Amino acid sequence: MLNLKKEIGNKGQPLNVKPFTLYNAGLYDFSRLKELPWEQWRLFALNLFECRDCPHRVAGVELDGYRGNDDVLVFNYLINGGVVLDYGFIDDLHAQIGGRIGARFFIIAPAASVAFLEDYVDKGSTRYYILRIPYSIINELHSRDFTAIMQPIDEAEVNSTVEAVGFDFIRQPLVECEYYFKEDKKSKSLDAVIKIKTFKSKAMAKGASQKENLETLSIVLIDYDYPFDPKRGGKEPPPPFEMDTVFYAKEIQALNWEIHVPFRLLGQYVMLTYIDIYGNEYTEIKGLNEFKEVCHA
């Protein structure tokens with residue numbers, strides 16, 4: 001980045017170097033899988049996400065257990081020498097069992113074996129949640145206590161994490177929002193509004209479980225025009241998330257836990273990444289057609 005030049009192909013005059021901030025949206029994964037026999041990996045995956053080991057069948061599909069009352073499948077990435085969890089897999093799964101499961105279904109998979117970025121995929125009346133397993137601390141699980149890297153809640157705190165050292169399992173926060181358009185009578189401008197109703201961390205860090213609703217939100221990163229293709233099969237790499245703006249928890253709280261984005265800046269799809277103070281993230285893609293009708297302020 002420090003050696004970028006003005007012309008395409010990194011040619012021409014050097015660009016003037018300016019300060020920049022590195023945002024680490026999430027935690028650290030190694031790309032190499034620790035070699036565990038499948039049955040050990042399966043049990044580890046279920047225990048990690050507090051699922052009951054209870055093999056059962058739904059419409060002929062072998063499932064691994066339950067998370068609460070919801071069905072759980074541990075994705076077998078070892079089949080045929082190695083496979084990835086893509087949209088096609090979820091399409092096929094839903095075609096076979098979609099009418100016989102509830103509103104939520106959990107799939108546990110290695111982080112490097114998931115071919116898309118969002119943390120859930122909606123099919124019919126069921127939301128398929130993807131629980132990703134990082135590999136960075138599997139060997140550390142029983143050898144040391146967890147020390148979480150605290151993420152900033154306003155811009156003044158961004159650099160305070162630079163010297164921090166810690167780790168944690170990736171555990172998605174619980175996020176529930178409302179999405180609607182809001183027109184201000186004075187300015188006549190139209191905003192897309194994300195109203196955060198629930199944000200609760202599931203981190204294993206000390207004291208995390210005692211935090212109140214919305215207390216552990218750090219930042220929300222937004223890609224205004226994410227090139228999402230509903231027909232994409234997921235075999236090829238997903239388009240990258242390109243951050244257009246960041247909203248810190250303090251400014252979101254000041255607006256009664258609302259995020260306002262000018263409608264004129266948005267493409268057909270928006271990607272949002274919600275990050276808690278421990279570095280865990282929750283990513284979703286929202287089409288503009290999923291926002292409610294205009295509310296007048």
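Just so you know, all these numbers are worked out from the coordinates, no wet-lab data involved. Keep in mind the model is a prediction, meaning the values are calculated, not measured. All Cβ positions, glycine included, derive from the backbone under ideal geometry; neighbour counts span all protein chains shown.
Over what distance in Å are the Cα centres of the stretch 217-285 and the stretch 56-89 separated?
When both Cα centres are located, 28 Å separates them.
What lysines could a cross-link reach from Lys231, if we take a straight Cα to Cα line under 28 Å and drop same-chain neighbours fewer than 8 places away?
Counting by Cα, and skipping residues close in sequence, Lys231 has these lysines nearby: Lys123, Lys286, Lys292.
Can you spot the lysines whose alpha carbon is less than 22 Å from Lys18's alpha carbon? Ignore those fewer than 8 places along the same chain.
Qualifying lysines at Cα under 22 Å: Lys5, Lys6.
Once you list every other residue whose beta carbon is under 13 Å from the beta carbon of Arg104, what net charge do they have if Lys and Arg are +1 and Asp and Glu are -1? Mind dumping the intermediate values first?
Working: positive: Arg67, Lys123, Arg127; negative: Asp70, Asp71, Asp119, Asp122, Glu176.
Spelling it out: positives minus negatives among the neighbours equals -2.
Where a ≥ b ≥ c are the square roots of the eigenvalues of the C-alpha gyration tensor, would you call the stretch 249-297 rounded, which needs a/c under 1.5, or, failing that, prolate if a/b is larger than b/c, or oblate?
Values: a/c = 2.42, a/b = 1.30, b/c = 1.85.
Because a/c hits 1.5 or more and a/b fails to exceed b/c, the stretch 249-297 counts as oblate.
At a 10 angstrom cut-off on C-beta neighbours, averaged per residue, how do the peptides 7-18, 276-287, 84-95 rank from highest to lowest?
Result, highest mean Cβ count within 10 Å first: 276-287, 84-95, 7-18.
With a 10 Å radius around each residue's Cβ, average the other Cβ atoms per peptide and rank 108-116, 121-129, 189-197, highest first.
Working: 108-116: 20.4, 121-129: 16.0, 189-197: 18.3.
Put in order of decreasing packing, that is 108-116, 189-197, 121-129.
What is the set of long-range amide H partners of Lys123 at a cut-off below 5 Å, with H atoms built 1.01 Å from backbone N?
Hits under the 5 Å cutoff: Tyr128.
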